[in-house]
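One structure is given below, encoded as structure tokens.
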Amino acid sequence: MVLDLVLIGLAIALDPLPLTAFLVVLPSRRGARKGAAFVFGWLVSLAIVITVTVLATGNNPPKSNTAPSLAALAVKIAIGVLLVVIAVRHHRRMGHPKPKKPPKWQAHVDNMSPWFAMGLAPALQPWVLIGAGAATVVEAKLSSWQSYLVLFLYCVLASSTYLAMEVYAVFRPTQSQALLGRFRAWIDGHTDQAIVLGSLLVGLWLIANSLSLIA
């Protein structure tokens, strides 16, 4: 479970689509406040998903080779297949890029309220990956401080890029503007490659690992 959560958490933290949105919000007027609200909304959303998942299992993970455990593995396989399909679609699109119009909210980012930024975070999260994380958390039993720590660190890992950029923007506001600009330019030029690589790695891992547990 721990290895699955580490891999999924890294994929969530490095997903280029929500990162691009955050790199629009953070350099805007009063961006540090809006960035903090975005990060808060991101963390709260992750915590809610984990809490609901643990409550749904009654903090009693299903035993191996039972119908509930096989159902959880089937969900992870389905998510893995979906991620592979996403990787294939983006790979085919790499040679034929299509210009995209920026979302309407970006035109008003300087006047965006922190409340809007907080709500924007869960709306932009990679829910396929978060679903994979929830299917993995089904296996968790919170019976010791170590088990709580694992889930806490999963949330921190899945938010690590946003936390790091927010902290840097707060303590180095001038230098952060140039760095965030270069980071955004790099992401804009490598979005499809990042999605293909991340989706393929996580998808194949979920499929292979789940099938090995079924066998």
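Residues are listed down the side, and each one gets a yes or a no for (1) part of a helix (DSSP H, G or I); (2) at pLDDT below 90:
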{"residue": "55", "(1), (2)": "yes, yes"}
{"residue": "59", "(1), (2)": "no, yes"}
{"residue": "71", "(1), (2)": "yes, yes"}
{"residue": "86", "(1), (2)": "yes, no"}
{"residue": "109", "(1), (2)": "yes, yes"}
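Based on what the data block shows, is residue 136 within 21 Å of residue 25 (Cα to Cα) and among the β-branched types (Val, Ile, Thr)? No: the conditions fail for residue 136.
Inside region 13-59, residues that are farther than 17 Å from residue 163 by Cβ and small (Gly, Ala, Ser) make up a count of 3. If you take the residues of region 111-142 that are touching a Pro at 6+ places or on another chain (Cβ under 8 Å) and at pLDDT below 85, which of them is most open to solvent (accessible area, probe 1.4 Å)? Ranking the candidates gives 141 first.
If you check residue 64 against the conditions, is it in a loop (DSSP other than H, G, I, E, B) and either open to solvent by less than 50 Å² (accessible area, probe 1.4 Å) or hydroxyl-bearing (Ser, Thr, Tyr) (or both)? In short, yes. Kindly indicate the residue of region 88-102 that is within 18 Å of residue 198 (Cβ to Cβ) and out of contact with any helix residue (DSSP H, G or I) (no Cβ under 7 Å at 6 or more places or on another chain) and also modelled with the highest pLDDT among those meeting that condition. Residue satisfying both the conditions and the ranking: 88. Scanning region 25-49 for residues that are surrounded by 20 or more Cβ atoms within 10 Å (Cβ to Cβ) and among the β-branched types (Val, Ile, Thr), we see that the one that is farthest from residue 83 (Cα to Cα) is 25.
The values are calculated or read from the model by the stated rules, or taken from the named source; none is laboratory data. Just so it is clear, the model here is predicted, and its values are computed rather than measured. In this analysis, Cβ positions are derived from the backbone assuming ideal geometry, glycine residues included, and neighbour counts consider all displayed protein chains. Calculation scope for accessible area: heavy atoms of the full protein, side chains included, ligands and nucleic acids excluded. Shrake-Rupley method; radii C 1.70, N 1.55, O 1.52, S 1.80 Å.
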